[in-house]
Every structure is written in structure tokens, then in C-alpha cells.
Amino acid sequence: MANVDQLSQTPPPVGFRFDDRQVVVERDRQVRKLECCGVNPAIWGSAADPSFFAFYTIMAQRWTGRSINGNVHMSQAYILNAALPLDVPLWMKGEVVKIDPHPRGERVWAHFTFTDNDGIVRLRANRSSLNPGKTNADAPRISVPSLDLANMELVNETILEPDKVAAFSDEAENLIHSDPVTAKKFGFRAPIAGGLMASHIMLGGLVAEADQGGISELEGEISFLRPMFWDERLRFIATPADTAGPRLMTLIGDDDKPRCRATISHIRFGNG
């Protein structure tokens, strides 16, 4: 395989359709990856964490022969219609729907579906990522929305560990998660955790809180606001579960700044 730095950094164009691919989340892999995030895998029972299928949307660009080295996950949306069982293949389809200028390159938006063998779409996973490139001084700056932390309560705490952060991203070949030299090359003081680690931590926190063995329905979106460095302590805080309207959640670093923001408009727990 060619070195990732020798592969094209150019993202697929708008309208590009990724090759259909059958993907599966194996139980052993879920256990290993969740342990990297400080999440107890047992809370998910026989259900797969939807975040694992979002990982395949990252790999979709890599599977075209393009590099994802230096790419940064910016947002991830989930529309889950039925629980995702472990060890059961689903068919993934995806398309690039928009590319926006960004101060550090281009922001690429892609939509994906995951369909079972009966033709039922179990999950829609829409994402955006920063493809690093030439500085674009004319691109609009992305504002960080404020959060009313006073109305949120602590769910749990996680301390990231460098070896586990690196192990979490070992398949993706994005060295900003494991190599300090590469991280600095792309403007980070140290390697950063993959954005989906935040998704695993927060969805895992909700599943542990409900204690019903998984998630059967979900509508929500995570925006990744600031890097999570590979040795940070993160506090997961959220509005109370019985709050009317969408539930707001975030991970807070030691500097009291949010690393991400999630809005959950609908969720139902269980694995059936």
C-alpha cells in the first residue's frame, strides 16, 4: 500500500457516489474500541453503537485511494430507525452532497445510508469533515455556539490515555491521532482524539444511564468544536433526561471549554 502522504489529498467532488460496500460491527471490535474510550462494552448488550457505522463513513474516502491524513471530523448526524445488531452485515451507500470553503481547506459534506438484507434502511449517518489544504482567507469563520452550562449536570468523567487514543484510530491511518510530529504538522500541539471517541463516550453515557442494553431509535447530531488532546480529562455534562425538548450535551475539558456539542431530539433505548 502506498504511503498515505503520497495519495491525493483532494476530496471526491460533489455528486460523487462511493462504492456500495457491506460493513459489519463485530463484537470483539466493539469491545476493544469502547475500552479505548473508557466505556464499558457490556452496557450495549447485543446492540452495536451507531458510532461504529459512522467510522465507515470516514473510511469511505480512504477506500477511494485518497488520503485522510490530517482530516478532522466536524459534524456527525444520526437517524436510527432500528437497533443495530452486532455481527450482522449492512449495506452502506454514500454520496458527497456539498463542499464549502474553510479557512484551513475545504469542508466536505456526505450522506450515507445503512440498509439490511430486507431493504430496510436502519441508519442514516450524515457527516462533514475538514479536508486540509491551502489557506482560504475569504472563507467564513465558523462560530462556536454558546452553551448554558448552568442547566446541565455531570453524567460521567473520562481521562483519555495516549496509547488508547492511538489504538482507537489504528485502522484509519490518520496520524494526527497517534504521531506528535504529524499532529504538529497539521497545527495541533499534540495528537488529538478521533471525534468519534466523543460520540462513543456520550452515547455510552446515555445507554449506561438508561440501563436498557442499547439504542433502538435515535435522532441527533454532534458538532466537534475543539480538539480533544490525547491526554485530556473530559467531563460529560447534559441537560436532565426529563427536560422538555431536545437534550443538549457536551464534553468539557480542564479549561472549561466545550470540545463538542450534541443535540438529541429523539432517543429510545433497547436492543430490539
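Points worth noting:
- 3J(HN,Hα) along segment 214-223: x, 10, 9, 9, 7, 9, x, 9, 10, 10 Hz, from the Karplus curve 6.51 cos²θ - 1.76 cosθ + 1.60 with θ = phi - 60°, whole Hz, x for Gly and Pro.
- Between Thr10 and Ala42, the C-beta separation translates, for a Förster distance of 41 Å, into a calculated FRET efficiency of about 0.45.
- Under 5 Å, built H, 5+ apart or other chain: amide partners of Asn156: Phe236
- Most mobile listed residue (Phe55, Phe16, Phe114) in the chain, GNM with C-alpha springs under 10 Å: Phe16
- Residues in segment 229-236 carry Karplus couplings, in order, of 6, 6, 10, 8, 9, 10, 9, 8 Hz; the curve used is 6.51 cos²θ - 1.76 cosθ + 1.60 with θ = phi - 60°, and Gly or Pro positions show x.
- Annotation: amide H-H contacts under 5 Å for Met74 (H modelled 1.01 Å from N, sequence separation of 5 or more, or interchain): Ser128, Ser129, Leu130.
- Here the gap between Asp100 and Asn151, fully extended at 0.36 nm per residue and compared with their Cα-Cα distance, gives a gain of 15.0 nm.
- For segment 73-199, averaging the sequence separation of C-alpha pairs within contact (under 8 Å, six or more residues apart) and dividing by the residue count gives a relative contact order of 20 percent.
- For segment 67-102, the residues whose amide N sits under 11 Å from a probe point set 7 Å from the Cα of Ser265 along the beta carbon direction are 78-79.
- Given in Å, the Rg to one decimal and the Dmax to the nearest whole number for the Cα atoms of the chain are 17.7, 52.
- Listed pairs Lys98/Lys134; Lys93/Lys134; Lys93/Lys185 exceeding 22 Å between Cα atoms: Lys93/Lys134; Lys93/Lys185
- Neighbour net charge for Leu149 - beta-carbon separation under 14 angstrom, K R +1, D E -1: 0
- Shape of segment 19-161, Cα gyration tensor, a/c cut at 1.5: oblate
- Around the amide H of Ser216, modelled in the peptide plane, lie the amide H atoms of Arg268, Phe269, Gly270, all under 5 Å away and 5 or more residues distant in sequence or on another chain.
- Sorting Met59, Met197, Met249 by the number of Cβ atoms found within 10 Å of their own Cβ, with the fewest placed first, yields Met59, Met249, Met197.
- Mean separation of Cα contacts under 8 Å (6+ apart) over length of segment 1-114, as relative contact order %: 40 percent
- Per-residue Karplus couplings for segment 75-88, computed as 6.51 cos²θ - 1.76 cosθ + 1.60 with θ equal to phi - 60°, are listed in order as 7, 9, 10, 10, 10, 9, 9, 7, 4, 9, x, 5, 6, 10 Hz, Gly and Pro entered as x.
Here, each number is a calculation from the coordinates, and none is a lab measurement. The structure presented is a predicted model; accordingly, all values stated were derived computationally and were not measured. FYI the Cβ positions are ideal-geometry reconstructions off the backbone, even for glycines, and counts take in every protein chain you see.
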